[in-house]
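K.L.:
For reference, the structure I am asking about is given below.
No value in this document is a laboratory result; all are computed from the given coordinates. Bear in mind that the values here come from a model prediction, so they are computed numbers and not experimental data. Cβ placement follows ideal geometry from the backbone for every residue including glycine, while neighbour counts extend to all protein chains displayed.
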Amino acid sequence: ISEWLKSSASNVNPGKTITLGFSQLGSESAWRLANTASVQDAAAESGIRLIMRNAEQSQSKQFEALRSFIEMKVDVIAIAPVVESGWEDILLEIKQAGIPVVILDRSVDVKDSSLFVTTIGSNLYEEGVRAGKYLLDLMRSQPGPIRIAELQGTKGSTPSIQRGEGFRSIIKARKDMVITQSAPADFTEEKGREVMRTFLEVPEDERPQVLFAHNDDMALGAIESIEEAGLRPGVDIIVISVDGSRKALQQLAAGKVNAVVECNPLLGPQLMQTAKEIMAGRTLPKRMVPPEDVFTQERAAQEISKRKF
Ligand code: AHR
């Protein structure tokens, strides 16, 4: 733990209520709503005073929220960053104010890693790898060419960049497996529906046989467009998505989705624990990753009731 953190921690009275300022990036998906609820519930349960601001996908709104947290002199700041780049200056302002920062869910692309204490969130690259491995295995005896459509999330966001890279790192093993269409659909159901509709407006021999959606909401929207086009999602077009929402698992059980790679939004308890440990002056690992799974059609029915979002 760096000196500036030690000095902020040493000023703390152990009985004092911790105030946590949390800049949430938006409310675009079921995952995000579950993430927000998890942080709120965990704060209430652990007696931490939470001040949360929703930036509605705007990095400049995140900056505004962070500056207001500095003015309020909160004890700890957590940020779920909408995009990866552009964080250096604001993180430096926070550091100069002596407030420790936890990065939640996504990453920030900064040279100086002392600008934040730790990152709590999934291995988003590995999620892309898992999606790619599932597809390679499923298609092992299917001859090429195999055309893949990709619905990316928010442009410049860590999950979109890393899931895309992880997926490509695996499918490149087959030269006849090609991403023929790829576009951002902002992690929303509405955009997923809209972009998929345009993906399907091509001659039949150019139509994708596979959809890799960077999240469930976009996959759910896309399924509707696939059906509108008279095709069977899960059969005529293989659908792979990421997150593991209950709705996606229901579509998995119904055979309209082929696999869902899990991404865990329930990070609230770990965030509260981390805030407490920072305030107690403890040393923390630079990265904390929750354990995650891949859901397939065989296991979908038994998993649905266990889903928390
Ligand atoms: O950063 C996590 C991603 O953001 C989730 O996969 C997606 O649903 C959310 O909007």
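K.L.:
Please give me the summed charge of the neighbours of E93: other residues whose Cβ is under 15 Å from its Cβ, Lys and Arg +1, Asp and Glu -1.
P.N.:
Working: positive: R67, K73, K95; negative: E64, E71, E88, D89, D112.
Residues near E93 contribute -2 overall.
K.L.:
Taking neighbour counts of Cβ atoms within 10 Å as a proxy for exposure, in what order, fewest first, do T198, T36, T180, T154 appear? List each step's numbers first, then the result.
P.N.:
Numbers: T198 11, T36 20, T180 17, T154 24.
Ranked by crowding around the Cβ, least crowded first: T198, T180, T36, T154.
K.L.:
By the scheme Lys and Arg +1, Asp and Glu -1, what is the net charge of all other residues having a beta-carbon under 9 Å from that of A80? Before the final figure, lay out the partial values.
P.N.:
Details: positive: R32, R106; negative: D105.
Within the 9 Å Cβ shell, the charges total +1.
K.L.:
Cα-Cα over 32 Å: which of K133/K191; K191/K286; K73/K247; K191/K308; K16/K155? Could you put the intermediate results ahead of the total?
P.N.:
On the way: K133/K191 26 Å; K191/K286 35 Å; K73/K247 40 Å; K191/K308 24 Å; K16/K155 41 Å.
Violating the 32 Å Cα-Cα cut-off are K191/K286; K73/K247; K16/K155.
K.L.:
What angle do you read, to the nearest 10 degrees and between 0 and 90, between the alpha-carbon axis of helix 216-228 and the longest principal axis of the chain?
P.N.:
20 degrees
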